[in-house]
Amino acid sequence: MNSLKLKMYLGDIVFENLYKYVAKDYKRRIPKLINFLKKVSPDEGTDKILNTVEEYLSKDPAVQRLIHRVFTDYDPNYTAKVITNLIVNVFFFWIYFDKENQKREIPTPYTILISPTMRCNLQCLGCYAGNYTKNDDLPPEIVERIINEGESIGTYFYTILGGEPFVYQPLLNIVNKHPRSVFQIFTNATLLDDKKIEEFWKSKNVVPVLSLEGGKEETDYRRGKGVYEKVLYAMELLKKTGIPFGYSITLTRYNFEAVTNPEFYQWLSDKGAFFGWTFLYMPVGKDDDPSLMPTPEQRAEYGKFIRKIRGHLPIYPMDFWNDAPYVGGCIAAGRRYLHINHKGEVEPCIFTHFAVDNIKEKSLVEVLNSDFFKEIRKRQPFHENLLLPCMIIDSPWILREIVEKTGAHPTHPGADDVITKFADILDEYAKGVRRVLNPIWKEEFDGSLSEQEEKVGVD
């Protein structure tokens, strides 16, 4: 065992035991935990983050509510492992690896998205993955190689999607071979049962994310009759066993009202959810239809809504588009994440269904430094207004330019609709979001705009 691996191994052991000690009297012992982290922090930047965390813990009721839930709502043995992995490996050592990788001009993904299968037991309306082939599962040895190569460059956070991940039988066996990584698994929840949840306890590093569309009406309309009740049942099982979990919502033009009700998020918290993701409906995949996209006004209002409730409820909701300013815009193409589909094709993100490389033929480092990915990273952020992070719907001409320049191919039939069939529609949509979101960028985020963009915001 080399010195770095030994440090990580010892760090895991020390922190996990320290966490369990803190959990017994967390209100009094959390300051001791932060002081310990300061002593072992790798740089001044980390110290600043810890100082900010310390300040929020002492003054912010919203953070205090979340911390209270961590220590009271979930099993301390399970959360000890998840949080140890997140803080020690996903946070501290990721910073170390990122610095070292920069010297070799290798990006360090914060997370790698893997869809080992596109098979699914549901047929959701407008599914982004609905047009992929269904008979090309990634071999287990390829999935394991991806994770091994990811861990070797500092990625200890894996997001598993599909298809329905739990259709893929080898999944939990693979997960349990990597106990020092965290696996965020997006699932429709219909296949979750006591037996599968029992498997989570072998390495205690799975954080499920359950998909729904709002209430019963919205969820069953898009996902199928009876799905809502199955999601509730899965929530009950997870809450009963003390496993932290999240939710996932696809924001469309038609569920906007249902998911902008604060009571809905309080209900999710009461059911046991600790965090959640909201993604805009994207006109990619099965029955792709731009008319399902939320309007620019709805998108803006949803961002304002999430920023407002985030500090007032015991749950942490995240808006993948409207929260882009906090991460510097688009993070795809290896800047902070990438997607590897069921055939091994390496895509910039979960919604950009174009590729030039296959992970079966090249190493992770090689595909991260493809001309396709380099060109995307070179042009990030795609707009000065970081509320407009996406090259698919916010600056669609950029995606068209990059695909043409690099020769990236669509990864399923219809994947190129966004640069052909819907090109004019998305160009108009991009103008609309500029008109609506440019003023918010200036007023709420104190962002600057070019003279040309200033005119878009007021015309």
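The values are calculated or read from the model by the stated rules, or taken from the named source; none is laboratory data. Computed from a predicted model, the values in this text were never measured in an experiment. As a convention, Cβ positions derive from the backbone with ideal geometry for all residues, glycine included, and neighbour counts pool all protein chains shown. In case anyone asks, the SASA skips ligands and DNA or RNA and just uses the protein heavy atoms, side chains included. Shrake-Rupley method; radii C 1.70, N 1.55, O 1.52, S 1.80 Å.
Worth pointing out:
- Search result, residues across segment 245-269 that are in a loop (DSSP other than H, G, I, E, B) and touching a Leu at 6+ places or on another chain (Cβ under 8 Å): T252, R253, Y254
Every residue, every condition in (1) under 24 Å from K308 (Cβ atoms); (2) among the hydroxyl-bearing types (S, T, Y); (3) modelled with pLDDT of 95 or more, yes or no:
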residue: F382; (1), (2), (3): no, no, yes
residue: L386; (1), (2), (3): yes, no, yes
residue: E401; (1), (2), (3): no, no, yes
residue: T406; (1), (2), (3): no, yes, yes
residue: T411; (1), (2), (3): no, yes, yes
residue: I419; (1), (2), (3): no, no, yes
residue: E428; (1), (2), (3): no, no, yes
residue: R435; (1), (2), (3): yes, no, yes
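- When segment 394-422 is filtered for residues that are part of a helix (DSSP H, G or I), within 21 Å of M293 (Cα to Cα) and open to solvent by less than 10 Å² (accessible area, probe 1.4 Å), the ones remaining, listed by number, are P396, L399, A415, V418.
- Residues that are open to solvent by 30 Å² or more (accessible area, probe 1.4 Å) and not in a loop (DSSP other than H, G, I, E, B) within segment 306-324 comprise R307, K308, Y316, M318, listed in sequence order.
- Residue in segment 240-255 that is in contact (Cβ under 8 Å) with a residue 12 or more places away in the chain, polar (S, T, N, Q) and under 27 Å from K81 (Cβ atoms) present: yes
- Scan of segment 229-244 for residues that are open to solvent by 30 Å² or more (accessible area, probe 1.4 Å) and either within 24 Å of G126 (Cβ to Cβ) or in a loop (DSSP other than H, G, I, E, B) (or both), ordered by number: E229, K230
- Qualifying positions in segment 109-137 - over 30 Å from S291 (Cβ atoms) and open to solvent by less than 40 Å² (accessible area, probe 1.4 Å): P109, T111, I112, I114, P116
- Counting only helices (runs of 4 or more DSSP H) that sit wholly inside segment 6-86, those with at least 3 residues that are open to solvent by less than 20 Å² (accessible area, probe 1.4 Å) and of a type outside the set (A, V, I, L, M, F, W, C) are 76-84.
- Summed over segment 308-339, the residues that are closer than 22 Å to G154 by Cα and touching a helix residue (DSSP H, G or I) at 6+ places or on another chain (Cβ under 6 Å) give a count of 3.
- Subset tally (residues that are over 16 Å from the mean Cα position of the chain (by Cα) and either surrounded by fewer than 21 Cβ atoms within 10 Å (Cβ to Cβ) or within 25 Å of V90 (Cα to Cα) (or both)) for segment 206-217: 3
- Cross-chain or 6+ apart pairs with Cβ under 8 Å, segment 187-214 first and part of a strand (DSSP E or B), then open to solvent by 10 Å² or more (accessible area, probe 1.4 Å) and of a type in the set (K, R): S211/R223
- Residue match in segment 364-371 (condition: crowded, with 17+ Cβ neighbours inside 10 Å, touching a Gly at 6+ places or on another chain (Cβ under 7 Å), closer than 23 Å to H342 by Cβ and not charged (D, E, K, R)): yes
- Considering I174, I95, I106, I147, the condition of being β-branched (V, I, T), open to solvent by 10 Å² or more (accessible area, probe 1.4 Å) and not in a loop (DSSP other than H, G, I, E, B) is satisfied by I95 alone.
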